[in-house]
Ligand code: GLY
């Protein structure tokens, strides 16, 4: 059985998308090499999201968006489609790789979600790597926050004004044994209220994986994905309505738009290894490795968001 892998680096109106392509290609190639060497889907998604968190280009880990207090407060989740095992952390500070801590929550506790100081204490006890606040804060993020505060903008307005880039990273994979996994990581929204948590660490909203359905990672306005439980909804479409990844991704985004005029996108890999993406935003950064072919895309870059737009199958764009 061939392995399949897809990653994303956020949705929105992506300015100069080419500046992300080398990074996306390198991350997906590295994850694909890992899967080819026999690694599990869980190992592959954790590996890819770790690399994306380490890259200041993305809104996760190093370079995460700053909240209203000027702090990088991160969320992450991971799910194993074989067992429905899941782990997540929300509102953590100083954790170099939130997805690694989410994985430890999944593998070493009876719980699914740990938040804030308790999650950080658990991470320290498990030897997770921590960094000073300055490691996470980039000049670009500082300037974005200052501009957002000047405008006294609402959270959604910040995103529109910041070229509509909604950040967040994620990965979905099917390994050679046919097992599925998903992971998602984010710094949330620029100038978000201190204490606000979006969809990314919520299993079923920003992340979901079930071998009976598909693996899903979302990006966009977290509240929209929370209200529609979008990742679980996409998996339900595969499991119960016999859609493939491409149809399920499109149907999920159509539902997101119809019910809450939602803004964002998702990547999906199904049990047959089909990778697909769809988004309601003008663009979405993504890359896939299927059947030995690596594809990098900014989605269908449109002037304005206008309902669902499929990113296509892994080899279709
Ligand atoms: N999708 C990321 C967030 O809303 O926090």
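Read the figures in this text as sums done on the coordinates, not as results from a lab. Everything quoted here is computed from the prediction, not taken from an experiment. When we count neighbours, we look across all protein chains shown, and the Cβ atoms used for this are built from the backbone with ideal geometry, even at glycine.
Remarks
- FRET efficiency, residue 133 to residue 108 (Cβ-Cβ, R0 30 Å, nearest 0.05): 0.70
- Where a label projected 7 Å from the Cα of residue 176 along Cα→Cβ would reach, residues of the range 9-52 with amide N under 20 Å: 28-48
- Under the simplified labelling scheme, the residue 125-residue 22 pair shows an inter-label distance of 4.4 nm, with each label point 7 Å from Cα along Cα→Cβ.
- Sorting the segments 79-91, 174-186 by their mean number of nearby beta carbons within 10 angstrom, highest to lowest, gives 174-186, 79-91.
- Averaging 1/r over each pair of different alpha-carbon atoms in the chain and inverting the result gives 18.4 Å, the Kirkwood hydrodynamic radius.
- Peptides ranked, highest mean first, by Cβ atoms within 10 Å: ranges 129-140, 241-252: 241-252, 129-140
- Efficiency of FRET between residue 193 and residue 115 - r from beta-carbon atoms, R0 22 angstrom, step 0.05: 0.90
- Centroid-to-centroid, using Cα positions, the range 274-302 and the range 35-76 are 18 Å apart.
- Highest to lowest packing among 21-27, 62-68, scored as the average C-beta count within 10 Å: 62-68, 21-27
- Computed over the range 1-107, relative contact order equals 19 percent, with contacts defined as Cα pairs under 8 Å that lie 6+ residues apart.
- Relative contact order for the chain, counting Cα pairs under 8 Å that sit 6 or more residues apart, in percent: 24 percent
- Pairwise FRET efficiency - residue 29 versus residue 291, Cβ, R0 = 22 Å, nearest 0.05: 0.95
- MRE, 222 nm, helices only [DSSP H, n ≥ 4, -39500 (n - 2.57), over the chain, to nearest 500]: -11000 deg cm²/dmol
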